[in-house]
């Protein structure tokens with residue numbers, strides 16, 4: 001378990017941590033290879049992401065940039081570096097609220113995640129809905145790459161919904 005990770009002992013205890021700040025995660029490099037792999041997975045090959053030479057000439061950033069959704073897609077993995085909740089069998093990402101992209105993630109830069117447990121709600125069958133306010137930062141940038149509230153539902157062993 002990484003240093004600084006919050007370990008919550010049970011689903012019933014999650015509500016006791018509402019308002020708790022989490023992170024930061026480890027820095028993660030955003031390479032051109034990662035950007036190209038994401039472009040291939042999504043069929044989004046816009047030149048600002050994939051054409052290194054053209055981006056160097058024509059982009060205001062003078063390099064390629066990561067897709068916003070690539071940056072967002074890193075949130076679940078980065079979140080597992082800063083929080084662990086015991087007592088669930090299934091966890092489902094049920095959506096986003098208030099997603100905003102603030103600054104580009106340049107190729108060969110590094111990002112990390114910070115979060116806060118914004119709120120919780122008990123669900124039937126012992127489940128819990130947790131809203132995390134996340135912020136993905138770009139190393140050296142004044143503004144975050146993005147902010148969003150991500151919502152997860154944690155279901156215990158034997159839960160049916």
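In whole Å, how far is the Cα centre of region 17-95 from that of region 121-151? Here the two parts' Cα centres lie 14 Å apart. For the chain, the longest principal axis of the Cα atoms and the long axis of helix 32-42 meet at an angle of about 70 degrees. Based on C-alpha pairs under 8 angstrom that are at least 6 apart in sequence, region 20-64 has a relative contact order of 25 percent. Taken over region 13-161, the percentage of Cα pairs per 10 Å bin, counting from 0 up to the bin with the maximum distance, is 11, 36, 29, 17, 6, 1. With kT/(6 pi eta Rh) evaluated at 4 °C and eta = 1.567 mPa s, and Rh the Kirkwood radius from Cα pairs, region 72-154 diffuses with a coefficient of 95 µm²/s according to Stokes-Einstein.
Kindly identify region 18-95 as rounded, prolate or oblate by the Cα gyration tensor criterion: order the square roots of the eigenvalues as a ≥ b ≥ c, call it rounded if a/c is under 1.5, otherwise compare a/b with b/c, prolate if a/b is larger, else oblate. Judged from the Cα gyration tensor, region 18-95 comes out prolate (a/c at least 1.5, a/b above b/c). Indicate, rounded to the nearest 5 percent, the antiparallel portion of the DSSP beta bridges found entirely in region 1-136. Beta bridges within region 1-136, antiparallel portion: roughly 85 percent. May I ask you to derive the relative contact order of region 32-161, considering only C-alpha pairs under 8 Å and at least 6 residues apart, and to give it as an integer percent? Once normalised by length, the contact order is 24 percent. Computed on region 68-133, with alpha-carbon pairs under 8 angstrom and 6+ residues apart, the relative contact order is 26 percent.
Each value in this text was obtained by applying a stated rule to the coordinates, not by laboratory testing. This one's a predicted model, so the numbers in the text were calculated from it and none came from an experiment.
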